[in-house]
Amino acid sequence: MRTLIVEDDLISRRLLQKLLAPFGECHVATNGREAVEAFSLAMVEREPYDLICLDIMLPEMDGQEALKTLRRIESEMGVSPSDEVKVFMTTALDSMKNVMEAYYRGGCTAYLVKPIEKEKLYATLREYKLIAEDSP
């Protein structure tokens, strides 16, 4: 699994790296603009990400805007909805407004509230078939 972790908080970023590293390559970005650049480069190089963990509260470009941009890039490149990258929005804000924005306007795959719990993350990875059912 090829993952892009987009998180400006060092502790949260390291935690996600530690939890996801056993399943494959992890790249990081610290703001929405870096995320869009990394995503675009991966698409051009034909090495797309399988998963993006995207924080909502980010400097320079927030996660909601970054998500809309990623989906627009996929659409422009002819990526079918079934082949879109899985995007797990991560946030400390468990607000209905953010959930609605992420799912219905942005097209996120899942929404995880911080602090990220290992069991919840792994269950979500299994649900979207990013890791095997018998993975830890």
### Message
Taking θ = phi - 60°, what integer Hz values does the Karplus form 6.51 cos²θ - 1.76 cosθ + 1.60 yield along segment 55-62, in sequence order, with x for Gly and Pro?
### Response
5, 7, 8, 10, x, 6, 8, 6
### Query
How much mean residue ellipticity at 222 nm does the chain get from its helices, if each DSSP H run of length 4 or more adds -39500 (n - 2.57) and you divide by all residues, to the nearest 500 deg cm²/dmol?
-11500 deg cm²/dmol
### segment 3-127 - percent relative contact order, Cα under 8 Å, separation 6 or more
23
### Summary
Among GluC sites (Glu not before Pro) in segment 51-81, those in a DSSP loop whose Cβ has at most 14 other Cβ atoms within 10 Å are Glu60
#### Entry: Pairwise label distance in nanometres, Tyr128 with Arg72, each label 7 Å out on the Cα-Cβ vector
2.1
### Message
If packing is taken as the average count of other Cβ atoms within 10 Å, what order do 23-30, 11-18 fall into, highest mean first?
### Response
23-30, 11-18
### Query
Under 5 Å between amide H atoms, partner at least 5 residues away or on a different chain: which partners does Cys108 have, H built in plane at 1.01 Å?
Tyr103
#### Entry: Computed label-point distance, nm, for sites Ser135 and Lys18 using a 7 Å Cα→Cβ extension
1.9
### Message
Counting only other residues whose beta carbon sits under 15 Å from that of Tyr128, what net charge do I get with K and R as +1, D and E as -1?
### Response
0
### Query
Assigning unit charges at the beta carbon (Lys, Arg +1; Asp, Glu -1) and nothing else, what dipole magnitude in debye, to the nearest 20, does the chain show about its Cα centre?
200
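Each reported figure results from applying straightforward, stated rules to the coordinates on display, with no laboratory input. Worth saying up front: this structure is predicted, and the values here are computed from it rather than measured. As a convention, Cβ positions derive from the backbone with ideal geometry for all residues, glycine included, and neighbour counts pool all protein chains shown.
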